Amino acid sequence: MTKPDVTLQPTKGVLTAAAAQIYAAYIAAGRIEDGQIEDWIKRSIREAIAIARTIDASVQSDDELPAVDAESSGITTPKPLS
């Protein structure tokens, strides 16, 4: 029997981890009954994606910040002590 090989892109890996935590919380809360596992997994995935989209819309990452020219920004480089 061979093991399945699963390779996820970084974003999908993060979403998988978030969905797994959400799903685990539903299990711990006793919300999941027999025959509902797939529905709760799908719900957990949708909620993880909704969280990621809300964060993306609310927060600017370092890559999204405009480049700042040190000279025009007024930032000065300290002079070495003599």
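No lab work stands behind these numbers, since they all come straight from the coordinates. Computed from a predicted model, the values in this text were never measured in an experiment. Counting neighbours? That spans all protein chains shown, and the Cβs are built from the backbone with ideal geometry, glycine included.
Classified by the C-alpha gyration tensor, the chain has a prolate form. Its axis ratio a/c, with a ≥ b ≥ c, is 1.5 or above, and a/b is larger than b/c. The Asp62 and Ala24 beta-carbon pair, evaluated with R₀ = 30 Å, returns a calculated FRET efficiency of approximately 0.50.
Restricting the stretch 26-59 to GluC sites (Glu not before Pro) that sit in a DSSP loop and have at most 16 other Cβ atoms within 10 Å of their own Cβ leaves Glu33.
Quick one: net charge around Ile22, please, counting Lys, Arg +1 and Asp, Glu -1 for every other residue with C-beta under 9 Å from its C-beta.
Values: positive: Arg43; negative: Glu47.
For residues surrounding Ile22, the net value is 0.
Between 0 and 90 degrees, the angle of helix 10-28 with respect to the longest Cα principal axis of the chain falls at about 50 degrees.
Full-extension gain between Val14 and Glu47, please, as 0.36 nm times their residue separation minus the C-alpha to C-alpha distance. Intermediate values should be presented prior to the final figure.
Numbers: separation 33, 0.36 × 33 = 11.88 nm, distance 1.30 nm.
Answer, rounded to one decimal: 10.6 nm.
Taken one residue at a time, the phi angles of the stretch 36-41 give Karplus couplings (6.51, -1.76, 1.60, θ = phi - 60°) of 10, 4, 4, 4, 6, 5 Hz. Gly and Pro are set to x. Per-residue 3J(HN,Hα) values for the stretch 42-51, derived from phi via the Karplus relation 6.51 cos²θ - 1.76 cosθ + 1.60 with θ = phi - 60°, read 4, 5, 4, 5, 4, 5, 5, 5, 4, 5 Hz in sequence order (x marks Gly and Pro).
Where Rh is the Kirkwood radius over the Cα pairs of the stretch 1-49, the temperature 25 °C and the viscosity 0.890 mPa s, what D in µm²/s does Stokes-Einstein return?
Working: Rh = 11.8 Å.
Once the numbers are plugged in, D ends up at 208 µm²/s.
Order these by the 10 Å Cβ neighbour count, fewest first: Val14, Val6.
Working: Val14 13, Val6 8.
Ranked by crowding around the Cβ, least crowded first: Val6, Val14.
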